[in-house]
């Protein structure tokens, strides 16, 4: 029998918050019911925050899928020594406290570096947070080049979970970490990639295409097959 992930599950770190809150809710409900209600609501919110829904990862050659749920807040070119010419495109995503906080690999590749940097906890909407806040960046490489994903702690988020090590291989859309309680995630892609999103757009981790390496090939129909679903703007091109 083929195994299928549940439509939605809860990330493992949730239980260390949920169990104490659930116990407090039970005790509070016995001795002082208003406190029981408050703790019960908080316990349910923890399950909601740490939810981990199944996602349909698109089978598009050269597609960088979103590493996180949230809203695109900036798309800019930045210095980055890991890329040819020392420049990269950076796509920043803001996650509020109601977004799914699981992070996923945007593209398949081998983890060739993990940069951990302590820092501040300023608002994740502030562009300065990309340099000044506590963060973890993983760098992945495959035959097509290198790309990076940065997890950034925010004003509320105080813990970054990164469950990979150097040498691990991640598939596109594979879960690899989370940030607890609000944050920012940035994707670094080559200058040759065609970015398909702009600030203000909402995206889903593991599902939405943020950038394409092979847009011209896709437009010419060079490699799409019946199994490949092109992004909407490309599918309309004959």
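The values are calculated or read from the model by the stated rules, or taken from the named source; none is laboratory data. Since the model is a prediction, treat every value here as computed from it, not as a measurement. Positions of Cβ are backbone-derived with ideal geometry, glycine not excepted, and every protein chain shown enters the neighbour counts.
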Would a scan of the stretch 26-45 turn up a residue that is at positive phi and more than 13 Å from the chain's Cα centre (by Cα)?
no
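For residue 44, state whether it is part of a helix (DSSP H, G or I), at pLDDT 85 or above and either in the same structural domain as residue 150 (by TED's automatic domain parsing) or over 18 Å from residue 213 (Cα atoms) (or both).
On the way: part of a helix (DSSP H, G or I): yes; at pLDDT 85 or above: no; either in the same structural domain as residue 150 (by TED's automatic domain parsing) or over 18 Å from residue 213 (Cα atoms) (or both): yes.
No, not satisfied.
Mind checking which residues of the stretch 168-181 are part of a loop (DSSP other than H, G, I, E, B) and at pLDDT 90 or above? Spell out the reasoning first.
Here is the first cut: in the stretch 168-181, the ones part of a loop (DSSP other than H, G, I, E, B) are 168, 171-174, 181.
Passing the criteria: 168, 171, 172, 173, 174.
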Evaluation of residue 165 against (1) assigned to a strand (DSSP E or B); (2) over 15 Å from the mean Cα position of the chain (by Cα); (3) under 21 Å from residue 13 (Cα atoms) (one fails), failing number:
(1)
Is there a residue being more than 20 Å from residue 172 (Cβ to Cβ), in contact (Cβ under 8 Å) with a residue 24 or more places away in the chain and not assigned by TED's automatic domain parsing to the domain that holds residue 174 anywhere in the stretch 18-28?
yes
So which strands (runs of 3 or more DSSP E) stay within the stretch 67-154 end to end and still have 2 or more residues that are buried (at least 22 other Cβ atoms within 10 Å of the Cβ) and at pLDDT 90 or above?
87-95, 102-104, 135-142, 145-153
